[in-house]
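Undergrad: Provided herewith is a single structure, encoded as C-alpha cells, for subsequent inquiry.
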Amino acid sequence: MGALKKESEQKQSSSKFNKLLSNYKFQRNVFIISALLLPIIFYLGIRLLPTLYTFNIGFRDWNLLSAGPHPFIGLDNFIALFNDSVFIKSVVNTMIYIVLGVTGQLLFGMIVALLLHKINRFVGIFRVIYFIPYVTSIVAISWVFQWILMKNGVINDLLVMIGLSPQPFLNSPDQAIYLIIGAMIWQSIGFQMVLFLAGLENIPEMLYEAADIDGASGWQKFWKITVPLLNPTIVFSAVIGTINFIQISFTQVVNMSVNGAGGPLNSTTSVVVYIYQLAFNQFDLGMASAATVLLFLFILALTVFQLKVLTRKFDY
Amino acid sequence: MKFGKSLPYIALIIGSIIMLFPFIWMLSTSFKAPMDIFSLDIIPKNPTIENYLTIFEESLFLRWFLNSLIIAVITTISVAFFDSLVGYIIAKFDFVGRGVLFLLILSTLMVPTEMLIIPWYLMSSELGWTNTFWGILFPGLMTGFGVFLMKQFMEQIPDDLLNAARVDGMSEFGIFFKVAIPQVWPALSALGIFTFLSNWNAFLWPLIVIESPKLRTLPVGLSFFSSGEAESQWHLIMTGAAISVIPLIIVFFILQKHIIKGITLTGMK
C-alpha cells in the first residue's frame, strides 16, 4: 500500500518535472529566437549582403548618376584600375602609411612603455599625458597640425629662429605624407603604450633575476626575455594597428592635406581616399567597388601574413 | 649613476612636450585676437573669448555637438545591449546554427566598413535614409568585435550561477540582465567607452550620408567649417578644434582608470 503511494507520488513529481522542463525549453527557445532576431537581420542585411553586393557592383559599369541598367563588364574595372596611375600611387602610399605608421607606433609605444616601466614616480601622470591624443578627435587635431606646420606657422618660425631655412611641410609632395604619418603615430602612441605596459607587467620578475645570476647584459635581457615574451602583444598591436591605419588614413589625409583631397600632386592619397573620390566625386561606383574588392583582398592577405610571420615560435 | 637614473625622466619629459604642444598651441590661438595669431606668445598678449562667442553665435557648432552626442549615445547603448546579448547566447546556449552564426559575425571583422560605404549609400538613398539620424546610425548598431569580446567574457560565467537563477524561476531575460551582465561589467564598460569614442570621431560615413549642414556631426561640421566658412581664419578654426577636443579630454580625465584598464582587459584577451 505504502509502496504504491510512493510510486504514484514519484510519477506525479516526474510528470511535474517534465512539464517544468518543457516549459523551460519553450521559454529558452523563445528567448533565443527573440534575442537573435534583430542581430541576424543586421548581420545579414547590413553586413553580409552589402559585402557581396560590392563584388557585384565591381563587375559592372555603374555610374551613380545614370538610372541604369548597369551592364556586366567582367574585369574591365579592375583592368582600368591597374592602368590608372593615381590608383597605383594610392596603393604605394597606403603601403607607406602602413609600414612606416605601424612600425613607428609599435616602436614608440614600446619605448615609452619601457621608459615608464623603468621609473617609479609620476608614472600615472606620464601615462595620462601620452594617452590624451588617442581620445581626441582626429579631424580637430589634423587641423591643429595644419596650423602648426603652415608656411608662416610656429614650427617654421622656430626653425628660422635657430637659423634653419623654413620648410614647405604639407605643401611639399616629398614631405607631406611623412608628416601625416607622424601625426598618426603621435595619436596612437598612447594606445600602444598601454598594451605594452600590460605586456611588460605580465613578464615574471623571476626571469630577469635568473638572467642576472647568469650575468646577462641589459641588451641580452631585452632581446632574449622582453621581446620574445612581448610577442603576443606585438602581434595583436600590429594587426589592430594595420586595420586602424587603413581606416583613419582617410580622415587624417582629407583633413591634413593642403587642398583637402590627397594633395599635393596625389602624394598623400590613400586607397580609401581614392575610393571615396571615385565614388562620390567622379560617380564611378563600378570602379570604386572594384577598388574596395582589391582593398579587401589586400587586408586579408596582410592579416594572414602578419599572423604567420609574427606568431613564429621562439625557443627558450 | 644619478644621471642614468634621471635619463628616462628626461626622455619622457621631452616626449610629453611633443604630446602636449599641439593642444597648448591650439588653446593659445583660440584665445588670441585675429591680429595676434602669428605671434609666438604662448600666453596671448590680449586674451579674448571673442572667438568662442563668434563660433557659438554664428555657426552651428552647438547643434553639431548635440548631434554627435545623440548619435554616440544611441549607438553605444545599442552596441552594449546587442553585442553582450548575442555574445551571451553564443557562449551559453546550444542551438542549431550557433556555429554558423558565430562564423558570420566573426567574418564581418575581416571586412572593413570602408568596403561597405557604396552599397550602404545605395541602400540609404533607396530607402530614404540619407540625411537622417537613422542613416548615420544604422551601420554601427552592432559590432562583430563586441560580440567576440563579450562571448569571451560570458564563457567564464559559471553555468551553476545561471541554473540557480533558473531554479529560482527567473526569466531568461532577467537572468541575462541581473546575473550575467554584472559578471562582465568591466569588459562591457570598456566596450561602451570605445564604441562611444569611435562613433564620436566617425567621419567617413557621416560625411557621405548627410547633406544638410544642420544634421552634420561634430567632426564633419568642423571639417566643412575649417575648409569653408572659416577658411584661413585660424583663430576660429582653432576655437572650433578646441570645442571638439576639450570635452573628450575632460571625460578622459574622469574615466582614465577605466579606459586604460579597458584597453588592457580587451587587448589581452
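The values are calculated or read from the model by the stated rules, or taken from the named source; none is laboratory data. Keep in mind that this is a model prediction, so the values were computed, not measured. Ideal geometry is used to build each Cβ from the backbone, glycine not excepted, and the neighbour counts take in all protein chains shown.
Undergrad: Kindly check whether there is at least one residue in region B:126-137 that is surrounded by fewer than 18 Cβ atoms within 10 Å (Cβ to Cβ), in the same structural domain as B:Ile157 (by TED's automatic domain parsing), modelled with pLDDT of 90 or more and closer than 30 Å to B:Gln183 by Cα.
TA: No, region B:126-137 has no match at all.
Undergrad: Is there a residue being among the hydrophobic types (A, V, I, L, M, F, W, C), in contact (Cβ under 8 Å) with a residue 60 or more places away in the chain and buried (at least 17 other Cβ atoms within 10 Å of the Cβ) anywhere in region A:199-216?
TA: There is at least one residue in region A:199-216 that is among the hydrophobic types (A, V, I, L, M, F, W, C), in contact (Cβ under 8 Å) with a residue 60 or more places away in the chain and buried (at least 17 other Cβ atoms within 10 Å of the Cβ).
Undergrad: Consider A:Ala80 against the criteria (1) more than 22 Å from B:Trp120 (Cβ to Cβ); (2) small (Gly, Ala, Ser); (3) within 28 Å of the chain's Cα centre (by Cα); (4) more than 9 Å from chain B (Cβ to nearest Cβ): it satisfies all of them except one. Which criterion is unmet?
TA: Here A:Ala80 clears every test but (3).
Undergrad: For region A:60-73, which positions are out of contact with any Lys or Arg (no Cβ under 9 Å at 6 or more places or on another chain) and within 11 Å of A:Gly286 (Cα to Cα)?
TA: Scanning region A:60-73 gives A:Arg60, A:Asp61, A:Trp62, A:Asn63, A:Leu64.
Undergrad: Which condition number does A:Leu116 fail, the rest of (1) at pLDDT 90 or above; (2) more than 9 Å from chain B (Cβ to nearest Cβ) being met?
TA: Evaluating A:Leu116 over (1) at pLDDT 90 or above; (2) more than 9 Å from chain B (Cβ to nearest Cβ) leaves (2) as the failure.
Undergrad: Do we find that A:Ile129 is in contact with a Pro (Cβ under 9 Å, 6 or more places away or on another chain) and either of a type in the set (Val, Ile, Thr) or outside the structural domain of A:Ile181 (by TED's automatic domain parsing) (or both) in this structure? It would help to see each step written out before you state the result.
TA: Details: in contact with a Pro (Cβ under 9 Å, 6 or more places away or on another chain): no; either of a type in the set (Val, Ile, Thr) or outside the structural domain of A:Ile181 (by TED's automatic domain parsing) (or both): yes.
Spelling it out, it is not the case that A:Ile129 is in contact with a Pro (Cβ under 9 Å, 6 or more places away or on another chain) and either of a type in the set (Val, Ile, Thr) or outside the structural domain of A:Ile181 (by TED's automatic domain parsing) (or both).
Undergrad: Now a separate question. Which condition breaks for A:Ser165 when tested against (1) without any contact (Cβ under 8 Å) to a residue 12 or more places away in the chain; (2) farther than 20 Å from A:Gln277 by Cα; (3) part of a helix (DSSP H, G or I)?
TA: The failed condition is (3).
Undergrad: Output the residue which, of all residues in region B:29-45 that are part of a loop (DSSP other than H, G, I, E, B) and in contact (Cβ under 8 Å) with a residue 40 or more places away in the chain, is surrounded by the fewest Cβ atoms within 10 Å (Cβ to Cβ). Let's see the steps before the verdict.
TA: Initial filter on region B:29-45 (part of a loop (DSSP other than H, G, I, E, B)): B:31-33, B:37-45.
So of that shortlist, the ones also in contact (Cβ under 8 Å) with a residue 40 or more places away in the chain come out as B:32-33, B:37.
Numbers: B:Lys32: 25, B:Ala33: 14, B:Ile37: 18.
Applying the filter and picking the extreme gives B:Ala33.
Undergrad: In region B:8-28, what count of residues is obtained for those that are within 9 Å of another protein chain (Cβ to nearest Cβ) and free of Cβ contacts under 8 Å to residues at least 12 places away in the same chain? Give the steps one after another, and end with the answer.
TA: As a first pass, look at region B:8-28 and keep what is within 9 Å of another protein chain (Cβ to nearest Cβ): B:8-9, B:11-13, B:15-16, B:18-23, B:25-26.
Right, trim to free of Cβ contacts under 8 Å to residues at least 12 places away in the same chain and you get B:8-9, B:11-13, B:15-16, B:18-22.
Looking only at that region, the number is 12.
Table: residues versus (1) more than 9 Å from chain A (Cβ to nearest Cβ); (2) over 24 Å from A:Leu36 (Cβ atoms).
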position: B:Leu162; (1), (2): yes, no
position: B:Asp168; (1), (2): yes, yes
position: B:Glu172; (1), (2): no, no
position: B:Pro182; (1), (2): yes, no
position: B:Ile193; (1), (2): yes, yes
position: B:Val220; (1), (2): no, yes
position: B:Glu229; (1), (2): yes, yes
position: B:Trp234; (1), (2): no, yes
position: B:Ser244; (1), (2): no, yes
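Undergrad: Taking only region A:131-187 into account, find how many residues are under 17 Å from A:Ser257 (Cα atoms), aromatic (Phe, Trp, Tyr) and more than 8 Å from chain B (Cβ to nearest Cβ).
TA: Of the residues in that region, 2 qualify.
Undergrad: Would you check if B:Pro213 is surrounded by fewer than 20 Cβ atoms within 10 Å (Cβ to Cβ), within 24 Å of the chain's Cα centre (by Cα) and either acidic (Asp, Glu) or more than 30 Å from A:Val239 (Cβ to Cβ) (or both)?
TA: On the way: surrounded by fewer than 20 Cβ atoms within 10 Å (Cβ to Cβ): yes; within 24 Å of the chain's Cα centre (by Cα): yes; either acidic (Asp, Glu) or more than 30 Å from A:Val239 (Cβ to Cβ) (or both): yes.
When the stated conditions are applied, B:Pro213 passes them.
Undergrad: For region B:39-57, enumerate the residues that are over 19 Å from A:Met150 (Cβ atoms) and of a type in the set (A, V, I, L, M, F, W, C). If you could, list the steps in order and put the result at the bottom.
TA: Taking region B:39-57 first, the residues over 19 Å from A:Met150 (Cβ atoms) are B:43, B:45-50, B:52-57.
If the condition is that a residue be over 19 Å from A:Met150 (Cβ atoms) and of a type in the set (A, V, I, L, M, F, W, C), then B:Ile43, B:Ile49, B:Leu53, B:Ile55, B:Phe56 are the ones that fit.
Undergrad: So B:Phe95 fits all but one of (1) farther than 15 Å from A:Leu37 by Cα; (2) without any contact (Cβ under 8 Å) to a residue 60 or more places away in the chain; what number is the exception?
TA: (1)
Undergrad: So A:Thr269 ticks every box in (1) at pLDDT 85 or above; (2) in a helix (DSSP H, G or I); (3) in contact with a Ser or Thr (Cβ under 8 Å, 6 or more places away or on another chain) but one. Which box is left unticked?
TA: Looking at each condition in turn, A:Thr269 falls short on (2).
Undergrad: Would region A:228-244 turn up any residue that is not small (Gly, Ala, Ser) and not in a helix (DSSP H, G or I)? It would help to see each step written out before you state the result.
TA: Looking only at region A:228-244, we keep the residues that are not small (Gly, Ala, Ser), and these are A:228-236, A:239-240, A:242-244.
Narrowing further to those that are not in a helix (DSSP H, G or I): none.
No, because not a single residue in region A:228-244 is not small (Gly, Ala, Ser) and not in a helix (DSSP H, G or I).
Undergrad: Taking the conditions exactly as written (under 30 Å from A:Ser172 (Cβ atoms), in the same structural domain as A:His117 (by TED's automatic domain parsing) and of a type in the set (A, V, I, L, M, F, W, C)), does A:Ala291 satisfy them or not?
TA: Values: under 30 Å from A:Ser172 (Cβ atoms): yes; in the same structural domain as A:His117 (by TED's automatic domain parsing): yes; of a type in the set (A, V, I, L, M, F, W, C): yes.
So A:Ala291 passes the test.
Undergrad: Among the numbered criteria (1) part of a loop (DSSP other than H, G, I, E, B); (2) within 12 Å of chain A (Cβ to nearest Cβ), which single criterion is violated by B:Gln156?
TA: (2)
Undergrad: Tell me, please, whether a residue that is touching a residue at least 40 places away in the same chain (Cβ under 8 Å), more than 30 Å from B:Glu126 (Cβ to Cβ) and crowded, with 22+ Cβ neighbours inside 10 Å can be found in region B:245-257.
TA: Yes, region B:245-257 contains at least one residue that is touching a residue at least 40 places away in the same chain (Cβ under 8 Å), more than 30 Å from B:Glu126 (Cβ to Cβ) and crowded, with 22+ Cβ neighbours inside 10 Å.
Undergrad: For residues that are closer than 22 Å to A:Ser270 by Cα and among the polar types (S, T, N, Q), scanning just region A:64-90, find the one that is surrounded by the most Cβ atoms within 10 Å (Cβ to Cβ).
TA: Step by step, filter region A:64-90, then rank; the result is A:Ser90.
Undergrad: Please verify whether B:Leu116 is within 13 Å of chain A (Cβ to nearest Cβ), modelled with pLDDT of 90 or more and over 30 Å from A:Ile33 (Cβ atoms), treating the condition exactly as stated. Even if it seems obvious, please write down each step before you answer.
TA: Details: within 13 Å of chain A (Cβ to nearest Cβ): yes; modelled with pLDDT of 90 or more: yes; over 30 Å from A:Ile33 (Cβ atoms): no.
It is false that B:Leu116 is within 13 Å of chain A (Cβ to nearest Cβ), modelled with pLDDT of 90 or more and over 30 Å from A:Ile33 (Cβ atoms).
Undergrad: Name the residue, out of A:Gln277, A:Gln282, that is in a loop (DSSP other than H, G, I, E, B), in the same structural domain as A:Leu170 (by TED's automatic domain parsing) and at pLDDT 90 or above.
TA: Working: A:Gln277 fails: in a loop (DSSP other than H, G, I, E, B).
When all the criteria are applied, what remains is A:Gln282.
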